[in-house]
Amino acid sequence: MNFYLVDNRGSKMKKIPEKYRKRLMGLIPMERIIAWNIPRPPQSLLQELLSYDGLTPTFSDILDAMGIAGAIPGSVLKPVLSGKKIAGPAVTLQYVPERLTPAQSFHEKARAKLADRDAYALTEPGDVVVIDGGGRGDISAMGGLSTLIAKKYGLTGNIVDCGVRDVGEMRNLDYPVWSRGVTPITGKFRFEALEVNGPVVCAGVSVHPGDLVVADDTGVVIVPQKFIGIVVEQAIAASKREKKLVGAIEEGSSMDQLKKILDPKKW
């Protein structure tokens with residue numbers, strides 16, 4: 001039996017591969033899954049990138065020079081685990097507020113409309129799930145069980161523009177998460193999943209499936225998919241220059257020697 005994504009008029013669209021279909025839990029209507037096949041950069045490129053420090057400042061400067069808004073401060077989306085750095089393609093999930101109050105939803109025995117596990121179902125190892133929760137840091141869209149499943153699927157981390165909970169379990173599982181806030185208040189009966197793998201807004205930055213997500217203690221940077229190659233190339237070159245400069249400074253090199261490595265106006 002074949003399984004297809006369908007649009008809201010019932011027309012058949014893309015066939016869902018068996019490996020993704022078998023993971024789906026039916027948490028979101030199929031027509032709200034916009035895409036399953038997203039572009040992904042080579043893992044070897046991402047591993048080379050992660051060998052350098054100071055990634056988000058470097059990426060932010062490059063995007064500034066290109067006129068692209070993509071940087072999110074670490075004071076806005078805070079890392080749950082310090083000392084982590086990640087880089088991977090985005091899989092996106094958008095939430096909107098549930099219309100019913102939680103009390104009414106419980107009274108009506110309504111079905112919860114969180115869909116993080118169905119978003120995870122469409123991932124590959126190394127992906128980053130970006131959750132648009134409208135900046136509601138007081139409401140959680142991710143907890144301990146969600147973290148466990150994300151870890152089992154081999155995801156590299158989550159970026160959550162709303163709240164998270166069970167942060168002790170995130171730390172125990174050593175799973176990197178950046179979030180708007182930490183809260184015990186569940187998103188069950190407060191959020192409704194609108195789309196998986198459609199465009200979302202994360203802390204004011206547009207994110208599309210397949211965009212490159214880079215995050216560390218300083219913040220989060222989103223690189224549009226079509227610019228990944230050139231931006232990563234520039235970031236690696238800049239990181240190499242800075243590493244060379246740091247070594248020269250530590251060795252006590254003269255100012256003339258330092259200037260040959262990198263013009264001080266660009267430090």
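The values are calculated or read from the model by the stated rules, or taken from the named source; none is laboratory data. Just so it is clear, the model here is predicted, and its values are computed rather than measured. Cβ placement follows ideal geometry from the backbone for every residue including glycine, while neighbour counts extend to all protein chains displayed.
Restricting attention to the stretch 43-83, which residues are free of Cβ contacts under 8 Å to residues at least 40 places away in the same chain and either under 20 Å from SER206 (Cβ atoms) or β-branched (Val, Ile, Thr) (or both)? Result: ASP64, ALA65, GLY67. Does GLY133 satisfy the criteria of being on the phi > 0 side of the Ramachandran plot, at pLDDT 95 or above and under 16 Å from the mean Cα position of the chain (by Cα)? It is false that GLY133 is on the phi > 0 side of the Ramachandran plot, at pLDDT 95 or above and under 16 Å from the mean Cα position of the chain (by Cα).
Do you know which residues across the stretch 199-227 are within 30 Å of ALA103 (Cα to Cα) and surrounded by fewer than 19 Cβ atoms within 10 Å (Cβ to Cβ)? If the condition is that a residue be within 30 Å of ALA103 (Cα to Cα) and surrounded by fewer than 19 Cβ atoms within 10 Å (Cβ to Cβ), then VAL201 is the only one that fits.
Considering each of VAL76, VAL80, VAL167, VAL129 in turn, give the residue that is closer than 24 Å to GLY198 by Cα, among the aliphatic types (A, V, I, L, M) and touching a strand residue (DSSP E or B) at 6+ places or on another chain (Cβ under 6 Å).
On the way: VAL76 fails: touching a strand residue (DSSP E or B) at 6+ places or on another chain (Cβ under 6 Å); VAL80 fails: closer than 24 Å to GLY198 by Cα; VAL167 fails: closer than 24 Å to GLY198 by Cα.
Being closer than 24 Å to GLY198 by Cα, among the aliphatic types (A, V, I, L, M) and touching a strand residue (DSSP E or B) at 6+ places or on another chain (Cβ under 6 Å) holds for just one of VAL76, VAL80, VAL167, VAL129, which is VAL129.
Regarding the stretch 181-204, can at least one residue be identified that is within 17 Å of LYS84 (Cβ to Cβ) and touching a residue at least 24 places away in the same chain (Cβ under 8 Å)?
Kept after step one, since they are within 17 Å of LYS84 (Cβ to Cβ), are these residues of the stretch 181-204: 182.
Checking the rest, the ones that are also touching a residue at least 24 places away in the same chain (Cβ under 8 Å) come to 182.
Yes - at least one qualifying residue is present in the stretch 181-204.
With respect to the conditions (1) closer than 15 Å to VAL130 by Cβ; (2) outside any loop (DSSP other than H, G, I, E, B), GLY247 lacks only one, and its number is (1). The residue pairs whose first member lies in the stretch 137-160 and is among the basic types (Lys, Arg), whose second member is not in a helix (DSSP H, G or I), and whose beta carbons are closer than 7 Å, counting only pairs six or more residues apart or on different chains, are LYS151/LEU173; LYS151/TYR175. Applying a threshold of 7 Å to beta carbon distances and a minimum spacing of six or more residues, or different chains, the list of pairs starting in the stretch 103-120 at a residue that is among the hydrophobic types (A, V, I, L, M, F, W, C) and at pLDDT 95 or above and ending at one that is assigned to a helix (DSSP H, G or I) and exposed (fewer than 14 other Cβ atoms within 10 Å of the Cβ) is empty.
Counting residues in the stretch 238-257 that are touching a residue at least 24 places away in the same chain (Cβ under 8 Å) and in contact with a strand residue (DSSP E or B) (Cβ under 9 Å, 6 or more places away or on another chain) gives zero.
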